[in-house]
Amino acid sequence: MDTLLAGTRMRRNRQSDWSRRLVRENNLTVDDLIWPIFLVDGENIRQSVPSMPDVVRLSVDEAVRDAEKAAKLNIPALALFPYTDPGLRDETGSEALNPENLTCRALRAIKAEGLNLGLMTDVALDPYTSHGHDGLMEGETILNDETVDQLCRQALVQAEAGSDVIAPSDMMDGRIGAIRQALDSQGHRGTQIMAYSAKYASAFYGPFRDAVGSSGTLVGDKRTYQMDPANTDEALREAELDIAEGADMVMVKPGMPYLDIVRRIKDEFQVPTYAYQVSGEYAMIKAAAGNGWLDGDKAMLESLLAFKRAGADGILTYFAPKVAEMLAAGK
Ligand code: PBG
């Protein structure tokens, strides 16, 4: 059939700004944002991370300042990641269980402000281990069940310090159910769990490992616990297990190279589904923009909208403060 003769002209709806807005299927709003921040010991510190332009490690007092900024911008939640002093790292990541560790101190300090702001904390041992792995090691093996025991204790320490959302990023088997049980048994029934369900063994985490100081120390790689980038059915099984074990929300990570996984999980389970636009994705956009090779703001907004189109209910992104400011200004 000759569609032009039949009267169908796809460009008609695209003629003007108001019409494009009227037919727009997806929108990015501030409610979609989770802002990951990095913590460091000390006071009055805003230390830049060279591989992540405009991202800083914050001392606790500065983290409180940024939390106030997040609340003012209406960003729903922060995700906290510590740069642990190398002297405090050991084989078993024991600092993860210290109720006075950097993450716990930041949780308490921010919570004391009484902000309308969710605080999410990462459960995994890598910022605390001398070998940079997320779990306990025996020789070259990452021990599953022993690690899960330790992660339960880490989650409890964080919940007690005020974490609203426990986010296990370690990819051990069975950790969601075990952590749920541990939280419930200690009276933390309301503490939410966002499972890093489909977390891939990815090269895109490089700048993050610089930020938390684990890149230099990491022995080998994480392919015996993080997923093979070649797989997609396996991601559905991971999400299914996490949901069955009690996850309130599931996450896919990295983000942009894995939009197909976001879409499949959302379609299959209809649970709150998030994507993590990881450090390497952020670094790529910033590097290209810094060289004048693309328009950084436009690439940022387009990349975030793509997550919405793929079905994500929200995005963890280092662009969160920037994009929240732009959205507030009506851009
Ligand atoms: C640690 C963890 C990682 C990230 C979040 N939590 C790194 C890793 O698994 O090596 C990566 C986040 C990013 O790259 O922005 N378990």
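Here are a few things to note about the model shown:
- Some residue of region 78-93 being basic (Lys, Arg) and touching a Gly at 6+ places or on another chain (Cβ under 8 Å): no
- Against the conditions (1) more than 14 Å from the ligand (Cβ to nearest atom); (2) modelled with pLDDT of 95 or more, Pro257 satisfies every one except (1).
- Looking across region 25-48 at every residue that is farther than 23 Å from Ala109 by Cα and surrounded by 10 or more Cβ atoms within 10 Å (Cβ to Cβ), the one that is nearest to the chain's Cα centre (by Cα) is identified as Asp32.
- Whichever residue in region 123-141 is in contact with a Ser or Thr (Cβ under 6 Å, 6 or more places away or on another chain) and surrounded by fewer than 24 Cβ atoms within 10 Å (Cβ to Cβ) and, among such residues, is nearest to Asp41 (Cα to Cα): Gly132
- Checking the stated criteria, Leu301 turns out not to satisfy the condition of being assigned to a helix (DSSP H, G or I), touching a Leu at 6+ places or on another chain (Cβ under 6 Å) and either touching a residue at least 60 places away in the same chain (Cβ under 8 Å) or among the charged types (D, E, K, R) (or both).
- Taken across region 228-246, residues that are among the basic types (Lys, Arg), within 16 Å of the ligand (Cβ to nearest atom) and modelled with pLDDT of 95 or more do not occur at all.
- The set of residues in region 71-109 being over 21 Å from the mean Cα position of the chain (by Cα) and of a type in the set (S, T, N, Q) consists of Thr92, Ser94, Asn98.
- Residues in region 175-224 that are surrounded by 15 or more Cβ atoms within 10 Å (Cβ to Cβ) and at positive phi: Gly213 alone.
- Residue within region 115-133 that is without any contact (Cβ under 8 Å) to a residue 40 or more places away in the chain and within 16 Å of the ligand (Cβ to nearest atom) present: no
- Residue list for region 24-73, filter: of a type in the set (Ser, Thr, Tyr) and outside any loop (DSSP other than H, G, I, E, B): Ser48
- Tabulated pairs, region 177-204, first under 24 Å from Ala283 (Cβ atoms) and within 16 Å of the ligand (Cβ to nearest atom), second of a type in the set (Asp, Glu) and outside any helix (DSSP H, G or I), C-beta under 7 angstrom, 6+ apart or interchain: Met194/Asp248; Ala201/Asp221; Ala201/Asp228
- Residue check for Gly296: under 16 Å from Asn27 (Cβ atoms), free of Cβ contacts under 8 Å to residues at least 24 places away in the same chain and over 15 Å from the mean Cα position of the chain (by Cα): no
Each row is one residue, and each column tells you yes or no for (1) away from the ligand (no atom under 16 Å from the Cβ); (2) β-branched (Val, Ile, Thr); (3) modelled with pLDDT under 95.
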| site | (1), (2), (3) |
| --- | --- |
| Gln270 | yes, no, no |
| Tyr282 | no, no, no |
| Lys286 | no, no, no |
| Ala289 | yes, no, no |
| Gly296 | yes, no, no |
| Phe307 | no, no, no |
| Ala312 | no, no, no |
| Leu327 | yes, no, no |
| Gly330 | yes, no, yes |
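The values are calculated or read from the model by the stated rules, or taken from the named source; none is laboratory data. It should be emphasised that the depicted structure is a prediction, and the values quoted were computed from it without experimental measurement. All Cβ positions, glycine included, derive from the backbone under ideal geometry; neighbour counts span all protein chains shown.
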